[in-house]
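**Student:** What follows is a structure written as structure tokens; I'll ask about it next.
The values are calculated or read from the model by the stated rules, or taken from the named source; none is laboratory data. These numbers come from a predicted model, not from an experiment. Heads up, the Cβs are rebuilt from the backbone with ideal geometry, glycines too, and the neighbour counts pull from every protein chain shown. Quick note on the areas: whole protein, heavy atoms, side chains included, nothing else; ligands and nucleic acids left out. Shrake-Rupley method; radii C 1.70, N 1.55, O 1.52, S 1.80 Å.
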Amino acid sequence: MIKKLVYGIPKVNSEAVIKQRVRKSVSSDYSDLFQDVAIEKAQDNGKPFLVLKRKHIMDGYFFGFGDKVGPMDRKGRKYIFWNTDNFTHHPTSDPLYKSFPFFIFVSKDLKKMYGCFTDYPGYMEIDLNSKNDGILTFKVLGEGFNQYIIEGKSIHEIVKEYLELTGDNIAFPIWAFGYQQSRWSYFNENEVFDIAKNFREKKIPCDVIYLDIDYMEKYKVFTWSKENFPNYKNMLEKLHKDGFKVVSILDPGVKVEKDYFAFEEGKDKYFLKGKDRKDLEGAVWPGRVRFPDFRNAEVRRWWAKNAKKYLDDGIDGFWNDMNEIAIFATEGDLEEARERLRNAKLEDGINLAGTLGSIGEIGRRGHGDDIVHLDGIEHWKVKNTYGFNMQRATSEMLQQENRRPFLITRSAYSGIQRYGGVWTGDNHSWWEHILQETVRLNSLSLCGVFYSGCDVGGFGGDVNAELLIRFMQLGLFTPMFRNHSAIGTARQEPWQFGPEVEELLKNVIRWRYKLLPYIYTQYMLGILNRKPLIRPMFLDYAREEAFNLEDQFIFGDSIIVAPIYRPNTQKRLVWLPKKAINIFNGNVHKAGWNIVETPIEHIPAFQIVNTAVPTMEPTEYVDMPKVKKISWRVFRTNQKSKVYGYFYEDDGKTLDYLKGDYNLKKVTIEDDTVTIETLNDGYKTMEREWEFEVVDARGNIKILKAVVGSSGEFKAK
């Protein structure tokens, strides 16, 4: 059940909430959970603040907040929600690119739980008992905010209600679950062709190649470099024929340049304003730029019209970056820096270090005071929704054309799942970031974002062979499996560390494609049932052990993953809620705590007992109509155990699944019989051979086969 609390006078709409009919409530309705002890108004530099102090009745866990660093349990720390281009992802770095001010509280005895979404798109702080006095503090730069309390009997129920409030996930195309290769940058057509050629000649599966900022003419959005990509349409056509999709980066900054069409169309019409009500200008990649006001529907349509030109050229998706908004500097920033340096002298000593450090921080400023939107709203009131609305612009256009968007964004706000997915930004090639990305991706799932990923291998710094292998093994079990690295760092393509490592990474990627029927089935059923593909252990298993684990997770209904995040790891401790079988080596492990072997050849990943996982032979790229056989891996306790599994299929590219145009089959294995029921036959599929390898806990194996068509019931004995 969702109820709404109102504090002060909310004057801005974040656009996150789509369920308008929500029963209003008062905080006293939740006296068994918390008590509001103070609501205070304050002023700072002429701006209003509203501060709510809340006494929490019981101790427990606080999960959520999406893309934040630090432990999965968020208690004991203050968090800032103010979308910022912060590339130093240290354990206490805050704020970062995204704002998901939604947490789920679970009491220590696991008997009480609720969700809390504090909906405010401007500057906000949420302190979760950092002083250990039982006080939660909500502080907004503004005159009021809405808060939604979601009560439920389980965490999954709370997540489902949160999605009812903020909107369901839009499905990604099926090729989005193949392997993706990226780099800042593949600088020209020849380099792109060379990357593609290596994948196909080495028979390493790959679906997507990315184009970073250097594909553009002098970093001008909606252009192509005439020197480096003179035949880009021909390049895209050839890549498509070889099974590749191409995703290009989009940055919001539009270069100030006479006769540049995007600038000429937008000037004095579509761009954010400064205090003087003239188009605001700042410095980003192209130099002097102006920024579209994506809050405005006309501006979104204009942006989408230009993005569609890329799609018409053959681009398959977009990667929305620098949209916090990231601004290197404005004229005012430069003048301030010059003034500080003008007065600086060596005799300042430690103060000189402070001066230089403050100049270095200029690029992380939010510029909330400098910017005014076209409707007159100051930017500081709505800053956190800038990237949200940028993604919305292209997504609305694609959805109107009945096309699934491939859209990922660095900056986001609650509700972004209606328009696309996210990635976690500029992580590093650090061992610590394997664990950190595990926490971030699972926390994003709790905040309703079901398509997410990280820069596998690490964006900044130099990866080594062992770290790349372990990072790639994590990527195998994340919704978006993309290898991406920064200019000037060690190359991270699968063949960069010699034949032995290449073979290991090839096998990792082939496993991704082998599991594709399972991954896609679990993802799409998750969208329909509001359950994330990747999720914390406690979402499915409400046990004390699960609530205290952050270094393993569930991938779909049947697989548990325990990443390796330290070098030279030969064994690791894994908690299994039920008996399970290692999907790579077939070793069976008991329920409870297990010490498992962790050879470099594979990540510890386990299929839970009494589950059935559909797989296929790996292909060079995703093309389900060419798959002639589905192989099921069934692990059961014994012959009498009843096992269920599901297989979902649709066209993988349109939104017709929303109309019921999909095929869903339920598999039941009992004794030595497999029964296959068609639960929904809205999408006609090809006839295929289905083979079941049924393994029990004692290692007994039985093979069952059937020929399965589009509709009806089938049996295998």
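**Student:** Identify, among G709, G425, L505, the residue whose Cα sits farthest towards the positive end of the charge dipole of the chain, taking +1 on the Cβ of Lys and Arg and -1 on the Cβ of Asp and Glu, with the dipole about the Cα centre.
**Tutor:** With unit charges placed on the Cβ atoms, the residue in question is G709.
**Student:** Computed on alpha carbon atoms, what radius of gyration and Dmax characterise region 556-703, expressed in Å?
**Tutor:** Calculated on Cα positions, Rg and Dmax stand at 17.4, 50 Å.
**Student:** Would you mind listing how long region 102-213 runs along its three principal axes, going by Cα atoms, in whole Å with the largest first?
**Tutor:** Extents along the principal axes, in whole Å: 60, 33, 28.
**Student:** Tell me the Kirkwood hydrodynamic radius of region 602-657 in angstroms, computed as one over the mean inverse distance between distinct C-alpha pairs. Before the final figure, lay out the partial values.
**Tutor:** Working: mean 1/r = 0.0720 Å⁻¹.
Hydrodynamic radius (Kirkwood, Cα pairs) of region 602-657 is 13.9 Å.
**Student:** Kindly give the semi-axes, whole Å and largest first, of the ellipsoid equivalent to region 223-276, taking each as the square root of 5 times a Cα gyration tensor eigenvalue.
**Tutor:** Largest first, region 223-276 gives 33, 13, 8 Å.
**Student:** Now, a different point. Might you tell me the accessible area per residue for region 274-383, computed with a 1.4 Å probe and given in Å²?
**Tutor:** 46 Å²
**Student:** Can you pull the Kirkwood radius for the chain, inverse mean 1/r over Cα pairs, to one decimal in Å?
**Tutor:** Value: 26.7 Å, from the Cα pair sum.
**Student:** Let me ask something additional. Order of 438-446, 505-513 by packing, highest average Cβ count within 10 Å first?
**Tutor:** The peptides rank, most packed first, as 438-446, 505-513.
**Student:** Per residue, how big is the convex hull around the C-alpha atoms of region 548-625? Give it to me in cubic angstrom, could you?
**Tutor:** Looking at region 548-625, the number lands at 127 Å³ per residue.
**Student:** Binning every alpha carbon pair distance of region 1-90 at 10 Å from zero, what are the percents per bin?
**Tutor:** 11, 32, 43, 14, 0
**Student:** In a shell of Cβ-Cβ distance under 15 Å around S130, excluding S130 itself, what net charge do Lys and Arg (+1) and Asp and Glu (-1) give?
**Tutor:** Working: positive: K53, R54, K55, K68, R74, K75, R77, K78, K131, K139; negative: D59, D73, D94, E125, D127, D133.
Surrounding charge for S130 is +4.
**Student:** 222 nm [θ] for the chain, helices only, -39500 (n - 2.57) per DSSP H run of 4+, per residue, to 500?
**Tutor:** Estimated from H runs of four or more residues: -7000 deg cm²/dmol.
**Student:** I've got another one for you. Starting from the Cα gyration tensor of region 215-322, multiply each eigenvalue by 5, take the square root, and state the resulting semi-axes largest first in whole Å.
**Tutor:** Rounded to whole Å, the semi-axes are 28, 15, 11.
**Student:** Quote the charge dipole size of region 581-632 about the Cα centre in Debye, to the nearest 20; the model charges only the Cβ of Lys and Arg (+1) and of Asp and Glu (-1).
**Tutor:** Taking the Cα centre of region 581-632 as origin, the dipole is about 240 debye.
**Student:** Before I look further, what does region 516-626 give for accessible area per residue, probe 1.4 Å, in whole square angstrom?
**Tutor:** Counting only protein heavy atoms, the per-residue value for region 516-626 is 36 Å².
**Student:** Q639 label point, 7 Å along Cα→Cβ, cut-off 20 Å on backbone N: hits in region 662-699?
**Tutor:** 668-675, 692-699
**Student:** Any idea what log10 I(q)/I(0) is at q = 0.14, 0.15, 0.30 Å⁻¹ for region 115-173, Debye with uniform C-alpha scatterers and no solvent?
**Tutor:** Debye output, listed in q order: -0.56, -0.63, -1.13.
**Student:** Can you work out the base-10 log of I(q)/I(0) for region 161-200 at q = 0.27, 0.28, 0.35 1/Å, using the Debye formula on its C-alpha atoms alone?
**Tutor:** -0.96, -0.98, -1.09
**Student:** Net charge near E396, counting Lys/Arg +1 and Asp/Glu -1 over other residues with Cβ under 11 Å of its Cβ?
**Tutor:** Value of the local net charge: +3.
**Student:** What Kirkwood hydrodynamic radius do you get for region 630-703 when you take the inverse of the mean 1/r over all pairs of distinct Cα atoms, in Å?
**Tutor:** 13.6 Å
**Student:** Taking every alpha carbon pair in region 340-490, what does the distance histogram look like in 5 angstrom bins from 0, in percent?
**Tutor:** 2, 8, 13, 13, 13, 14, 14, 10, 6, 4, 2, 0, 0, 0
**Student:** Which percent of the accessible area of region 205-309 is formed by carbon and sulfur heavy atoms (probe 1.4 angstrom)?
**Tutor:** 45 percent
**Student:** Give the dimensionless ratio obtained when the Cα radius of gyration of region 479-549 is divided by 2.2 N^0.38 Å. Show your work: numbers first, answer last.
**Tutor:** Values: Rg = 17.0 Å, N = 71, 2.2 N^0.38 = 11.1 Å.
Computed over Cα atoms of region 479-549, the ratio equals 1.53.
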